[in-house]
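These notes concern the structure reproduced below.
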Number of protein chains: 2
Amino acid sequence: MKVSFSTIGYIRSPFHQTEGMPIQPSGAKDVEGTVKVNAMYAAGLTDIEDFSHIILIYVFHKSEGFQLQVKPFLDDNVHGVFATRAPRRPNPIGLSIVELLRRDGNVLLVKGVDVLDSTPLLDIKPYVPGFDVFQVSSVGWLEKKEHQAKTQKSDRRFETNHFNR
Amino acid sequence: MKVSFSTIGYIRSPFHQTEGMPIQPSGAKDVEGTVKVNAMYAAGLTDIEDFSHIILIYVFHKSEGFQLQVKPFLDDNVHGVFATRAPRRPNPIGLSIVELLRRDGNVLLVKGVDVLDSTPLLDIKPYVPGFDVFQVSSVGWLEKKEHQAKTQKSDRRFETNHFNR
């Protein structure tokens, strides 16, 4: 089944290429960016400034095609793409939780941005611990590795023509 | 900008209508469901069974059109749709974190399902506290209300032709 969406705006960030980018917001804690929502959707942002964190759902626009088995940045072993956060997915949809510093009309100033500049935005949701925080009992291959996301930088492996088999 | 995705499978749940459904996984803690991933993507699930929780990104397929200002289930006041988790959004994309009990090939048995039966699936990501858990300082209008999501049930207000202005 095909589904079609229209982007609602885009994300500005200091990252103009994947190489050297943080791989998760935890590695981009102090990086500020802006979320520019199309003026026609501005009314949908009412009261969002009362939340300290928001969920951004966006398109990995520099990722083309997909791999079902990938070697993620944080591991030397291959895993199924759905067991990773790698961008070359069947549907290249990204998800980041960022801190919301301020809203100026249809522009949000955010912190903890780990996406490429001009990333097309699909949706914004409020981040609510009562809905979004779960006690996990296992994090698979990321066990003892998730903290490395704070320092690990991206390389070009998930760009088009940079296959990693 | 238009973006087009192909669903990768669908979610089975005991909920055949929006009325009376839980509004968040926290209100569906013991509700089991299955995630059926198309066989062509099965290899992408490798190692996912090692995670206790996963993020499902899906289409609110019974939601048509959108409202920029909505009165959510948990409040009597109107808010911008991006400050709510309501389904009638410009892009009807849903996000739920569920417990993963088991994988049988391309079928995942999950718990804490708060979606309609046959919900079209767009993506699965591992839920990783190091990436997905943040200390918030405010949750806006949901302050003192988020716990109500455990008991509050849905009604038909976000279905087509059930406008709520």
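Restricting region A:1-50 to residues that are facing chain B (nearest Cβ under 8 Å) and of a type in the set (S, T, N, Q) leaves a set whose member that is nearest to the chain's Cα centre (by Cα) is A:Q24. Selection of first residues in region B:41-62 that are under 20 Å from B:D30 (Cβ atoms) and in contact (Cβ under 8 Å) with a residue 40 or more places away in the chain and of second residues that are assigned to a strand (DSSP E or B) and polar (S, T, N, Q), restricted to Cβ pairs under 9 Å at least 6 apart or on distinct chains, gives the following pairs, ordered by first then second residue: B:I55/B:S96; B:L56/B:S96; B:L56/B:T119.
Reported count of residues in region A:29-52, each being touching a helix residue (DSSP H, G or I) at 6+ places or on another chain (Cβ under 9 Å) and crowded, with 22+ Cβ neighbours inside 10 Å, is 5.
Picking from residues in region A:51-87 that are more than 25 Å from B:R89 (Cα to Cα) and of a type in the set (F, W, Y), the one that is farthest from the other protein chains (Cβ to nearest Cβ) is A:F73. Of the strands (runs of 3 or more DSSP E) contained entirely in region B:1-45, those carrying at least 1 residues that are under 26 Å from B:R157 (Cα atoms) and at pLDDT 95 or above fall at B:9-12, B:32-37.
Mind checking whether some residue in region B:107-122 is at pLDDT below 95 and more than 18 Å from the chain's Cα centre (by Cα)? Scanning region B:107-122, I find no residue that is at pLDDT below 95 and more than 18 Å from the chain's Cα centre (by Cα), so the answer is no.
Scanning region B:60-108 for residues that are surrounded by 20 or more Cβ atoms within 10 Å (Cβ to Cβ), of a type in the set (A, V, I, L, M, F, W, C) and in contact with a Gly (Cβ under 7 Å, 6 or more places away or on another chain) yields B:F60, B:V81, B:F82, B:A83, B:V98. The set of residues in region A:140-149 being in contact (Cβ under 8 Å) with a residue 60 or more places away in the chain and more than 8 Å from chain B (Cβ to nearest Cβ) consists of A:K145, A:Q148.
Tell me yes or no: at least one residue of region B:118-139 is of a type in the set (A, V, I, L, M, F, W, C) and more than 10 Å from chain A (Cβ to nearest Cβ). No.
Going by the structure shown, is A:K145 surrounded by fewer than 20 Cβ atoms within 10 Å (Cβ to Cβ) and over 24 Å from B:L142 (Cβ atoms)? Yes.
The values are calculated or read from the model by the stated rules, or taken from the named source; none is laboratory data. Given the structure is predicted, the values throughout are model-derived calculations rather than measurements. Reconstructed Cβ throughout: ideal geometry from the backbone, glycine too, with neighbour counts over all protein chains shown.
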